[in-house]
1. Using a simple spin-label model with points 7 Å from Cα along the Cα→Cβ vector, what separation in nm is obtained for Asn24 and Thr48?
2. Using a simple charge model, +1 on the beta-carbon of Lys and Arg, -1 on the beta-carbon of Asp and Glu, nothing else, what dipole does the range 187-282 show about its Cα centre, in debye to the nearest 20?
3. Report, in listed order, any pair from Lys229/Lys251; Lys33/Lys203; Lys35/Lys211; Lys143/Lys174; Lys55/Lys242; Lys144/Lys251 with a Cα-Cα distance greater than 19 Å.
4. Quick one: pull the percent of accessible area on the chain belonging to carbon and sulfur, 1.4 Å probe, ligands and nucleic acids left out.
5. May I ask you to give the solvent-accessible area per residue for the range 126-226, in square angstrom, as obtained with a 1.4 angstrom probe?
6. So between Asn158 and Thr266, what do we pick up on full extension, going 0.36 nm a residue minus the alpha carbon distance?
7. If a paramagnetic tag sat 7 Å from the Cα of Lys192 along the Cα-Cβ line, which residues of the range 116-147 would have the backbone N under 12 Å from that point?
8. To the nearest 20 Debye, how big is the dipole of the chain about its Cα centre, given +1 on the beta carbon of each Lys and Arg and -1 on that of each Asp and Glu?
Amino acid sequence: MKKNNNTMNYQTCHDVTETPERLNPEEITRELKTKVVGSSVVTYEQTTSTMDIAKKIARTGFVNGTVIFTEEQTQGKGRSGHAWFCPRYKGLLFTLLLRHNIPPDHLCLLVGTIAVAITETIRETLQLPAEIKWPNDILIGGKKVGGVLVELEKVSKNQLVFLIGVGLNVNISKECLPKQTHLPATSLTLEKRRFIDRNSLAKALLQDIDKWLSILKDEHFGYITERWKTLCITVGETLTIKDGGAEYTGKVIDISNNGGLMLKLTSGQIKIFRGEHVTIKS
């Protein structure tokens, strides 16, 4: 969950009256139906950020598809330098380490692929109407429930490792959600109105991510962007985008095959913006 101000002490949201449900690697990987994702699963009780651990592991002989979960992050990272906070034992916070053949200039497409996978998991597993706000926010009813962060680690001259970070609000109560965010926040348990088994959800999520990454590997980019476009509330909106020092206003008409946002400017010109380079102003 993303926020900019430290307005809340999340320790007050930890339930001390009962034993918390913990993530269990054995339960997550038992009968896990994937080709790559989840080949190795590790969990931490607390860390600064799963991205920090992933960057260290990326420079070792790690098993492709390794997933690092944590119950709590003290310095969780979101897009554009924002912080990401989630009470302990209440979310799914992880980083996937991936060697993949996708070109670095298709990084935004990778973000979209993961966003589609998460949205599909929520829709299929929980029957909740999850949607995507381009490029990386997962929403339900206009409220943010999760997000994706992808970074590229160059570990040698010829080897790149993609670090795919995911944060998902699962069993967070209303009083534990932050009040000052760029989007209203929610959680899966609030939307579904029941407790969510995080281990089962983690397994379903890893399987869907693996499925969509296989589609990406086979270069079915058009299939991915079509599904992304269907799930994306940003398509059809009129907005202003900041790209470097310039601002552009227009209507979003499509998502390009490399994941860029296609904006029809007020001048009639069509311009494509990549998610890793721009900020949506309004």
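The values are calculated or read from the model by the stated rules, or taken from the named source; none is laboratory data. Source: prediction; values computed, not measured. All Cβ positions, glycine included, derive from the backbone under ideal geometry; neighbour counts span all protein chains shown. Protein only, heavy atoms only, side chains kept; ligands, DNA and RNA dropped before computing areas. Shrake-Rupley method; radii C 1.70, N 1.55, O 1.52, S 1.80 Å.
1. That separation, rounded to one decimal, is 3.2 nm.
2. On the way: 15 positive and 12 negative charges, 66 e Å.
Around 320 debye, computed over the range 187-282.
3. Too far apart for the 19 Å limit: Lys55/Lys242; Lys144/Lys251.
4. Working: 6040 of 12760 Å².
Answer for the chain: carbon and sulfur cover 47 percent of the accessible area.
5. I get 42 Å² per residue for the range 126-226.
6. In short, 34.6 nm is gained.
7. In the range 116-147, the label zone of Lys192 (backbone N under 12 Å from the point 7 Å along Cα→Cβ) covers 121-129.
8. The dipole magnitude comes to about 460 debye.
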